[in-house]
Amino acid sequence: MNEQDKTSMERKEEPRPAERTREEMEFVPDADIYETDKELVLVADMPGVDRQSVDVDLSAGVLTITGRARDRKLEDGYACTGREFRSGNFSRSFTLGEEIDSSAIEASMSRGVLRVRLPKAVPASRRIAVKEG
Amino acid sequence: MALWNLAWDWDPWATLRTAARTQAFPPVNVYESGEAYGIEAEVPGVAPEDLELTVEGNVVTIAGQRRPDEVRGAFHRRERLAGRFARSLRFPVQLDSSHVEAQCVDGMLTARIAKAPEARARRIAVKSV
C-alpha cells in the first residue's frame, strides 16, 4: 500500500466494538447535528450512496446510519492511475441524549447527503412543583 | 482543506479534525484508457448547477460551491464544511475539450475527457517478414 492510499483511508476511523466478517472498507461519514425546540437533525455526507442503499436505525437510544456505496467503476478499458478515495460503506452511530419519537423519524437522501429528522418525544413525566410546608 | 472558504463559520478545530484526510477538496480518482481520461470526484451536497468543469489544454478544473444548510437551531457538531472550492488537475497530454462527458449522480461527479487526437494510443500492426 503506498503512502497516498494510506492517507485517504485513514481519514475516517471510529473505534468499533467488533470486527466485521467481510473484509470491506467502512468509512465514518462527516456529519452535522443540530437541535431545535422540536427536533434533532442529522446531516451526513455519503457520496455515491443512493436512496435505496441507506439505513437508519434507532434502538436503545443509539442512532445508527449506514450506507452501502454502489460499486463505482468506469467501464472496461480504464485503469486507475491516481486514487484519493476508496469506495466502501459508510457507518456511524450516535448515542442520543434526547427522548425521540421513533415513530415520527423522517429520513431523506439527496445528492449523496442523508438528512434525518428526529422529532423529540413529548415528555411523559411531568415536573412536580415542590411545595413548602 | 485550505481551498474552502470558511467565511460562513470559523471553526479553529477544523484543521485538526481534518488533518488526516486528503488535503484537497474534492477528492478525485483518475482513470486512463488509450483514448481518454476518466475522473471521479466526491461532491456530496453540491447541486449540478453549482458545479463547473472546465478543460483547457492539459488542465481540468473542478470548481463550485457547496451551499450551507438553512439551520434554525444549535449545532451539536459541525463537520461538513460549506463554501467555494476549486481544484485543477494537470494531465501529461493535451485534452480534447470538445469531447467531454460529465454527470453527477448521488454526489459523485464522473467525467470522461478524450485525449487530443495526436495523444491517443494507436495500435500498430506488426508485419511479419
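Things to note:
Residues checked against (1) facing another protein chain (nearest Cβ under 10 Å); (2) within 30 Å of B:Gly34 (Cα to Cα):
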{"position": "A:Asp32", "(1), (2)": "yes, no"}
{"position": "A:Phe85", "(1), (2)": "yes, yes"}
{"position": "A:Gly88", "(1), (2)": "no, yes"}
{"position": "A:Arg92", "(1), (2)": "no, no"}
{"position": "A:Ser108", "(1), (2)": "no, no"}
{"position": "A:Lys120", "(1), (2)": "no, no"}
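- The criterion of at least 3 residues that are within 27 Å of A:Arg86 (Cβ to Cβ) is met, among strands (runs of 3 or more DSSP E) falling completely within region B:20-129, by B:28-32, B:36-42, B:51-56, B:59-66, B:83-90, B:95-105, B:108-115.
- Hits in region A:45-55 (condition: in contact (Cβ under 8 Å) with a residue 60 or more places away in the chain and within 8 Å of chain B (Cβ to nearest Cβ)): A:Asp45, A:Met46, A:Pro47, A:Gly48, A:Val49
- Residues of region A:96-133 satisfying the condition of being assigned to a strand (DSSP E or B) and surrounded by 13 or more Cβ atoms within 10 Å (Cβ to Cβ): A:Ile100, A:Ala107, A:Met109, A:Ser110, A:Val113, A:Leu114, A:Arg115, A:Val116, A:Arg117, A:Leu118, A:Pro119, A:Lys120
- Restricting attention to region B:60-92 and to residues that are surrounded by 14 or more Cβ atoms within 10 Å (Cβ to Cβ), more than 8 Å from chain A (Cβ to nearest Cβ) and in contact with a helix residue (DSSP H, G or I) (Cβ under 8 Å, 6 or more places away or on another chain), the residue that is farthest from A:Lys38 (Cα to Cα) turns out to be B:Gly64.
- In this structure, A:Asn2 does not satisfy being surrounded by 12 or more Cβ atoms within 10 Å (Cβ to Cβ) and at pLDDT below 95.
- Pick from region A:21-73, criterion surrounded by fewer than 18 Cβ atoms within 10 Å (Cβ to Cβ) and of a type in the set (Ser, Thr, Tyr), ranking: nearest to B:Gly45 (Cα to Cα): A:Ser53
- Residue pairs whose Cβ atoms lie under 6 Å apart, separated by 6 or more positions or on different chains, with the first residue in region A:19-31 and under 17 Å from A:Ser93 (Cα atoms) and the second surrounded by 10 or more Cβ atoms within 10 Å (Cβ to Cβ) and polar (S, T, N, Q), are A:Glu26/A:Asn89; A:Glu26/A:Ser91.
- Filter pass, A:Val62 being more than 11 Å from chain B (Cβ to nearest Cβ) and under 19 Å from B:Val71 (Cβ atoms): no
- Residues satisfying the stated conditions in region B:83-120, i.e. in contact with an Asp or Glu (Cβ under 8 Å, 6 or more places away or on another chain) and among the hydroxyl-bearing types (Ser, Thr, Tyr): B:Ser97, B:Thr110
- Qualifying residue in region A:74-83 (condition: part of a loop (DSSP other than H, G, I, E, B), within 12 Å of chain B (Cβ to nearest Cβ), touching a strand residue (DSSP E or B) at 6+ places or on another chain (Cβ under 9 Å) and closer than 23 Å to B:Ala47 by Cα): yes
The values are calculated or read from the model by the stated rules, or taken from the named source; none is laboratory data. Because the structure is predicted, anything quoted here is derived from the model rather than measured. Cβ: placed from backbone, ideal geometry, glycine included. Neighbour counts: every protein chain shown.
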